[in-house]
Amino acid sequence: MASSPPSTKDVSPLSLKHPKGELRTLTWKSHMYRMPLHPVRDYIGMCAAHCKEFQELKLKYGLRENEYESLSHSKGNNDRTSFRGETLHRIYIDVRRTRGEMEFFRLERTRRWLTEVLLLWCLKHHTEYTQGMNDILATITMSLLGDYALLKALKQAKRAHPSYPPALIARVHPQYLGSDAFAIFSALMKKLPAMFHPEKKDSTHGLIQLTRFVQSALLRKFDPDLYEFLSKSGAPPELYMLKWVRLLFSREFEISQVLQIWDELVKQGGIETKMGFGMVEHLCMALLKHVRYELLNFVQLDPDSSMVDALARILKFPSVPDIQNVIVQAKKSREQYKSSVIASMPAKPLNKVLPNVYAEVREGGKNVKSGGRSRIEKEKARSLLEQKLPDFFADEFDEKKSTQESDAASAFDFINNPNTSSKVAKNVPNGVSNSNQNASGSGTGVPSELVSAFDFIDLGGR
């Protein structure tokens, strides 16, 4: 009864770009490795290290000559007596089911590339491949493809990106697809230990606990009526939420919407081990609240229906026209939850955790630690607390930055503007020039399978 992924058969490379022209290749790595884009030299140094590591791993663990071809001929029935063989078998089977609705992921060269990247990560960490890793890597790959298509469109229109210096733009190139995808995937796996480390016996249990926390704690606090309805239904929350959490919503929405969700998840505090402080939990709640009226009214309007029929609506989740509204609601509830936790924290335990906070907050020469705390003192203490507590108190939303991005977005209006010049309109939509299309034709000796809107992507790069 799981919901099928939305149809994306007609997806074009440019449809994967960030709505405001942000380059996810840069910003996602910056967030996940806590490496600012400036100074540029430091960021480029990090990228160079990623490239070096990826090349070394390919030499050590990469696909051997004819290894992938033998898998194709045997339909995955290779030698499974070794850890490498068993891992390769599992990856091969799953990769062939990855995003089959999209042309790019049906190409054999893409499947081979995905197989090798997943194999490198598993062998490096000596970790069993787990179903779902393929979807995570596919989503990362699509975010990078959107960047390449955007830059190609800008180049064809003879325009420069308004937000990044040339030195950073040079690092967003298809030749770095492998190292960039591997770096982002590796960083994400560190944030998702409970989801993709089968050697941890409580991994699934941890996910189930998270889904139950969403229903029993968050919904109970923010939407008591919906909490009561779902509790009476008797359906365990993991029935409909487990896939959302495990795959980070990557199979529930249009890919452009999934990427917008991930723009929040990769930020500091987006995915957290402390329940209630990450975006994942609050996105789950926001999605449930998105269909609350349908759920609550379903049984009331149709006496012959059952709660099971109503819950089927969650399992086959409806389309969400405005995913940004869901994201905003999730961010709002997360801030409210964090504020309530901070407000409920007693002074003494906080003093033990942050011994210098009270020494730094004074009002009228009186130390906050002594006597009662005034409203002003509490606000100052909270301000310092949010600066000094661990990552789950961090909020990446910056109103000033958001305004700047909104202004910069106008620089990309020509891409989707039907009134643009014929030259741009002809060359830009799919991010592929006529010369590239001709170069991919059968007359060049390139297999006809490679004639694709994504042919400008170099899967053999660094």
Next item on the list: Might you check whether a residue that is open to solvent by 10 Å² or more (accessible area, probe 1.4 Å), in contact with a Gly (Cβ under 8 Å, 6 or more places away or on another chain) and not polar (S, T, N, Q) occurs anywhere in segment 216-235?
Entry: yes
Checklist line | Condition met for V117 (in contact with a Phe, Trp or Tyr (Cβ under 9 Å, 6 or more places away or on another chain), within 19 Å of R251 (Cβ to Cβ) and buried (at least 18 other Cβ atoms within 10 Å of the Cβ)) | finding: no
Note to self: When you scan segment 300-312, do you find a residue that is more than 26 Å from T141 (Cβ to Cβ), open to solvent by less than 10 Å² (accessible area, probe 1.4 Å), modelled with pLDDT under 80 and of a type in the set (A, V, I, L, M), even just one?
What the structure shows: yes
Note to self: On the basis of being at pLDDT 75 or above, out of contact with any Cys (no Cβ under 6 Å at 6 or more places or on another chain), in a helix (DSSP H, G or I) and surrounded by 14 or more Cβ atoms within 10 Å (Cβ to Cβ), does Q336 make the cut?
What the structure shows: no
Check: Within segment 83-102, is even one residue among the acidic types (D, E), under 21 Å from the mean Cα position of the chain (by Cα) and open to solvent by 20 Å² or more (accessible area, probe 1.4 Å)?
Finding: yes
Next item on the list: May I ask you to list the residues in segment 220-268 that are of a type in the set (V, I, T) and either more than 17 Å from A330 (Cα to Cα) or in contact with a strand residue (DSSP E or B) (Cβ under 9 Å, 6 or more places away or on another chain) (or both)?
Entry: I255
Margin query: Need a quick list: helices (runs of 4 or more DSSP H) entirely within segment 222-292 having at least 3 residues that are under 16 Å from A312 (Cβ atoms) and either modelled with pLDDT under 90 or out of contact with any Cys (no Cβ under 8 Å at 6 or more places or on another chain) (or both).
Written below: 224-233, 238-246, 279-290
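The values are calculated or read from the model by the stated rules, or taken from the named source; none is laboratory data. Everything numeric here is computed off the predicted structure, so don't read it as measured data. As a convention, Cβ positions derive from the backbone with ideal geometry for all residues, glycine included, and neighbour counts pool all protein chains shown. To get the accessible areas, we keep the full protein, side chains included, count just its heavy atoms, and leave off ligands, DNA and RNA. Shrake-Rupley method; radii C 1.70, N 1.55, O 1.52, S 1.80 Å.
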